[in-house]
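The values are calculated or read from the model by the stated rules, or taken from the named source; none is laboratory data. Remember, it's a predicted structure, so these values are computed and weren't measured experimentally. Every residue, glycine among them, receives a Cβ derived from its backbone with ideal geometry; neighbour counts consider all protein chains shown. These area figures cover heavy atoms from the full protein model, side chains too; ligands, DNA and RNA do not enter into them. Shrake-Rupley method; radii C 1.70, N 1.55, O 1.52, S 1.80 Å.
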Amino acid sequence: MAEPRDVALGVAVIGTRTGLVAGRMMLRPARLVLRAPMLGDAVRDRADALAASGARARTHARAALLESEELDRLICAILEHPRTEQFVEHVLSSPGLERLVTQVLESRLIDELTEQVLRSPELERVVEYVATSPQVLDAVSRQTRSMADEVAVNVRRRAESADDAAERTVRGWLRRPRPQPS
């Protein structure tokens, strides 16, 4: 047996389609009336009032839909459905998405956004926070110490090499052999 919800949804879809067809049929003579010199303005005014009423109803219906718990359940069901993951994988692997992303990245919009971010006070606050954070200060301190240790080792090696070269030169002048370490 059919689900009652599916039957109700089918009735709503058929009713909506029927209403749209009827509306289109009714609008054909309205176009002729709008061209009539006497009736055109009155019909236009009434059409504007109907359009405003329709817009208010659409806004109200949209707000009611967005606030409904049924929409939340529907979104959760869509997100948890296995086909959603397949769809996302398909989209992410499509050449069309790659072309679109490339086009966006090459647009001037990215340059303008980058400039705006670089000039923003928020970025200055982030940089100040990072620069003064204990973790960064500790890392810089450790890096400085290790760099100083490396420089000291290199200076010591070069000093020893220079000392050895000077000693060999002087011993060579004096023709004295280097003493053997004991």
Mind putting a number on the dipole of the chain about its Cα centre? Charges go on the C-beta only, +1 for Lys and Arg and -1 for Asp and Glu, and I need it in Debye to the nearest 20.
620
Taking the Cβ of SER107 as the centre, find all other residues whose Cβ is under 14 Å away and add up their charges (Lys, Arg: +1; Asp, Glu: -1).
-2
Note, HIS81: beta-carbon cut-off 14 Å, +1 each Lys/Arg, -1 each Asp/Glu, net -1
Calculated FRET efficiency, LEU74 and LEU100, Cβ-Cβ r, R0 30 Å, to nearest 0.05?
0.65
Counting only other residues whose beta carbon sits under 14 Å from that of ASP164, what net charge do I get with K and R as +1, D and E as -1?
+3
Low-density loop cleavage sites - trypsin sites (Lys or Arg not before Pro) in region 108-168, where at most 11 other Cβ are within 10 Å (DSSP):
ARG119
Per the Debye formula with a single identical scatterer at each Cα and no solvent contribution, what log10 I(q)/I(0) holds for the chain at q = 0.12, 0.17 Å⁻¹?
-1.10, -1.21
What full-extension length gain, to one decimal in nm, is calculated for TYR129 and ALA162 as 0.36 nm per residue of separation minus the Cα-Cα distance?
7.2 nm
Taking 0.36 nm per residue of separation between THR84 and THR144 and subtracting their Cα-Cα distance, the length gained on full extension comes to 16.5 nm
Rounded to a whole number, what % of the accessible area of the chain do carbon and sulfur atoms account for, probe 1.4 Å?
62
Starting from the Cα-Cα distance between VAL151 and THR169, subtract it from 0.36 nm times their residue separation and give me the gain in nm to one decimal.
3.8 nm
